[in-house]
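Data first, discussion second: the structure below is written as structure tokens.
The values are calculated or read from the model by the stated rules, or taken from the named source; none is laboratory data. The shown structure was predicted, so the numbers you read here are calculated from the model rather than taken from an experiment. Quick reminder, even Gly has a Cβ in these numbers, built from the backbone with ideal geometry, and neighbours come from all protein chains shown. The protein model used for the area step is the full one, side chains on, heavy atoms only, and it has no ligands, DNA or RNA in it. Shrake-Rupley method; radii C 1.70, N 1.55, O 1.52, S 1.80 Å.
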Amino acid sequence: MARRKLISSGSPFEPRIGFSRAVRVGPFVAVSGTAPIAADGSVAAPGDLYGQTKRCFEIIEEAIGKAGLTLDSVIRTRVMLTDISRWEEAARAHGEIFGTVRPASTFVEVKSLIDKGWLVEIEADCIAEDA
């Protein structure tokens, strides 16, 4: 069985809920739902869906890097929005990050997220290219 590597972002939610920011097993990396949390723990870019989406991808990129991969290794994203009518704002940020990578992707609307200030939460799945 492949060794399991747990990756933490230091979020206070990780120990409280019992999850890791990301988990690597062999060539696979799964990144948990990632919210727009600023470095000080506050909501990043309040009210700005594009800015919140960019922040989520910054956190995801850091987690993937700790797993030894890059954003080029992303094969799937799941973008959860609290207002699907604003999907194009999140899609613009997604396209800037993944325009050439073009992972499989889903955009869905959810009723709400843990913090009412979060407009988006994103998951990502990756695989090492040498797998």
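Observations on the structure shown:
- Taken about its Cα centre, region 43-82 carries a charge dipole of about 140 debye when Lys and Arg each add +1 at the Cβ and Asp and Glu each add -1 at the Cβ.
- Distance cut-off 16 Å, percentage of C-alpha pairs in region 76-131 lying past it: 45
- Shown here: P(r) over Cα pairs in 5 Å bins from 0, in percent, derived from the displayed model; of the candidates [x] 2, 9, 14, 14, 11, 9, 8, 7, 8, 7, 6, 4, 2, 0; [y] 2, 9, 17, 21, 21, 16, 8, 4, 1; [z] 2, 11, 22, 24, 20, 14, 6, 2, 0, it corresponds to [z].
- Proximal lysines relative to LYS5, as straight alpha-carbon distance under 23 Å, when same-chain residues fewer than 8 apart are discounted: LYS66
- Share, in percent, of DSSP beta bridges within the chain that are antiparallel, nearest 5: 80
- Per residue, the solvent-accessible area of the chain (1.4 Å probe, heavy atoms of protein chains only, all protein chains present) comes to 55 Å².
- Whole-Å distance, taken between Cα centres, linking region 2-46 and region 58-131: 13
- Anisotropy class of region 35-74 from Cα gyration tensor, a/c 1.5 cut: oblate
- For the chain, the relative contact order works out to 31 percent when only alpha carbon pairs closer than 8 Å and six or more residues apart are counted.
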